[in-house]
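Student: I am attaching a structure below and will ask some questions about it afterwards.
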Amino acid sequence: MKPFRMLGRSIRDAFKSVIRNFSLSLASISCITITLIIVAIALIASFNVESFTKEIERDLTIVVFLENDTTEEEIAELKNTFEDMPNVDSIEFESKQQVKEQMQQESDVFNTVLSEWDDEESPLRDTYKLKVKDATKISKDAKEIKEFDNVSSVSYGEGMVDRMISAFESIEKITYIVVIALVLVTVFLIINTIKLTISARSREISIMRLVGASNITIKLPFIIEGMILGIIGSIIPILFATYGYIAFYNHFDGHLYSEVIKLVSPYPFIYQSALIVLIIGIIVGMIGSAGAVRRYLKV
């Protein structure tokens with residue numbers, strides 16, 4: 001029962017401290033709010049970049065052109081070989097006749113030119129289209145496939161795909177670094193802000209130590225106070241992230257510039273983002289308070 005009484009008393013003292021030192025508490029809340037708004041924007045951007053990257057990776061395709069004299073048995077053998085490759089997600093075969101029909105439907109010019117060629121004269125090839133699981137291995141897979149028998153050539157976008165994957169990976173890393181840096185800055189600012197509150201109550205803490213209060217008894221109200229400040233400071237960033245992202249998503253009809261760059265659907269994404277922002281706010285507030293007590297009051 002004693003731990004519960006101590007926890008209840010600490011919660012009560014924490015709320016009293018927030019109200020009693022409202023001006024200093026407001027400074028801490030403002031610091032948390034401003035930083036968490038930036039954190040929320042960075043998180044939303046990071047999740048959207050990650051989602052877009054994965055969407056692009058799912059659509060990346062290796063096109064395998066076969067030799068003209070490849071037999072049906074050899075085509076079937078190649079399919080079995082592709083199925084055994086660990087990074088191949090799906091396989092689609094298109095005969096030269098299917099490719100010809102598709103091209104004729106797409107353009108009158110193609111239709112005119114291709115209609116004059118019979119199967120022997122046609123430069124078109126039977127093809128396999130392979131979608132991969134891990135886009136970072138697509139270059140290695142393409143080189144391996146190029147060495148297979150009956151394979152004329154392989155295409156997957158080469159340098160453009162490699163540069164695109166590298167660019168998106170760099171953007172993801174940068175956004176994560178920004179989020180971590182902002183959280184660390186927030187902790188530092190909160191420690192310095194709460195330090196003022198603790199300094200104003202140093203006499204109270206000294207008395208508590210003289211009467212034999214344990215370190216945890218002294219520190220717990222401040223940690224809970226930091227948690228309260230973190231929760232309050234998270235409210236505006238959560239509302240900003242939630243309603244701001246919904247408005248942003250609706251304004252651009254769910255995509256940027258073209259249908260290719262799709263935004264993450266607001267539901268349940270906004271709830272997940274709100275929860276992450278709240279957790280960051282609570283943790284940052286608690287760490288900031290604990291750090292201020294430990295570093296400046298030496299309790």
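The values are calculated or read from the model by the stated rules, or taken from the named source; none is laboratory data. This is a predicted model, so every value here is computed, not measured. Here the Cβ positions follow ideal geometry from the backbone for every residue, glycine too, while neighbour counts run over all protein chains shown. The protein model used for the area step is the full one, side chains on, heavy atoms only, and it has no ligands, DNA or RNA in it. Shrake-Rupley method; radii C 1.70, N 1.55, O 1.52, S 1.80 Å.
Student: Kindly check whether there is at least one residue in region 96-105 that is under 23 Å from Leu60 (Cβ atoms), among the charged types (D, E, K, R) and either surrounded by 11 or more Cβ atoms within 10 Å (Cβ to Cβ) or at pLDDT 90 or above (or both).
Tutor: Within region 96-105, the subset under 23 Å from Leu60 (Cβ atoms) is 98-99, 102-103.
Narrowing the set further to residues that are among the charged types (D, E, K, R) leaves none.
No; the residues of region 96-105 include none that is under 23 Å from Leu60 (Cβ atoms), among the charged types (D, E, K, R) and either surrounded by 11 or more Cβ atoms within 10 Å (Cβ to Cβ) or at pLDDT 90 or above (or both).
Student: Quick one: what pairs do we get from region 136-153, first residue assigned to a loop (DSSP other than H, G, I, E, B), second surrounded by 13 or more Cβ atoms within 10 Å (Cβ to Cβ), C-beta under 6 Å, 6+ apart or different chains?
Tutor: So the pair list comes out as Asn150/Leu66; Asn150/Glu67; Asn150/Thr70; Asn150/Glu74.
Student: Residues of region 260-289 being hydroxyl-bearing (Ser, Thr, Tyr) and out of contact with any Asp or Glu (no Cβ under 9 Å at 6 or more places or on another chain), which ones?
Tutor: Ser265, Tyr267, Tyr271, Ser273
Student: Here's a follow-up. Do the conditions hold for Phe93, that is, is it open to solvent by 50 Å² or more (accessible area, probe 1.4 Å) and part of a helix (DSSP H, G or I)?
Tutor: Criteria not met by Phe93.
Student: Let me ask something else. Applying the selection to region 72-89, what residues are open to solvent by less than 100 Å² (accessible area, probe 1.4 Å) and under 20 Å from Arg125 (Cβ atoms)?
Tutor: Glu74, Ile75, Ala76, Leu78, Lys79, Asn80, Thr81, Phe82, Val88, listed by residue number.
Student: If you don't mind, there's one more thing I want to ask. Of the conditions (1) in contact with a Gly (Cβ under 9 Å, 6 or more places away or on another chain); (2) farther than 18 Å from Asp13 by Cα; (3) open to solvent by 10 Å² or more (accessible area, probe 1.4 Å), Gly281 fails just one. Which one is it?
Tutor: Single failed check for Gly281: (3).
Residues are listed down the side, and each one gets a yes or a no for (1) touching a Phe, Trp or Tyr at 6+ places or on another chain (Cβ under 8 Å); (2) of a type in the set (A, V, I, L, M); (3) open to solvent by 20 Å² or more (accessible area, probe 1.4 Å); (4) touching a residue at least 40 places away in the same chain (Cβ under 8 Å):
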position: Arg5; (1), (2), (3), (4): no, no, yes, no
position: Lys16; (1), (2), (3), (4): no, no, yes, no
position: Ile19; (1), (2), (3), (4): no, yes, yes, no
position: Ser30; (1), (2), (3), (4): no, no, yes, yes
position: Leu36; (1), (2), (3), (4): no, yes, no, yes
position: Ile41; (1), (2), (3), (4): no, yes, yes, yes
position: Glu50; (1), (2), (3), (4): no, no, yes, yes
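Student: Taking only pairs six or more apart or across chains, which ones have beta-carbon atoms under 6 Å, a first residue in region 206-227 that is among the β-branched types (Val, Ile, Thr) and at pLDDT below 80, and a second residue that is open to solvent by less than 60 Å² (accessible area, probe 1.4 Å) and assigned to a helix (DSSP H, G or I)?
Tutor: From residues that are among the β-branched types (Val, Ile, Thr) and at pLDDT below 80, the pairs are Ile218/Ile205; Ile218/Met208.
Student: Okay, moving on. Determine whether Val64 is of a type in the set (A, V, I, L, M, F, W, C), within 30 Å of His255 (Cα to Cα) and in contact (Cβ under 8 Å) with a residue 60 or more places away in the chain. Walk me through it before giving the result.
Tutor: On the way: of a type in the set (A, V, I, L, M, F, W, C): yes; within 30 Å of His255 (Cα to Cα): no; in contact (Cβ under 8 Å) with a residue 60 or more places away in the chain: yes.
When the stated conditions are applied, Val64 does not pass them.
Student: Of the residues in region 133-150, how many are modelled with pLDDT under 90, among the hydrophobic types (A, V, I, L, M, F, W, C) and within 20 Å of Phe93 (Cα to Cα)?
Tutor: So the answer is 2.
Student: Before we move on, is Ser46 of a type in the set (Ser, Thr, Tyr) and surrounded by 13 or more Cβ atoms within 10 Å (Cβ to Cβ)?
Tutor: yes
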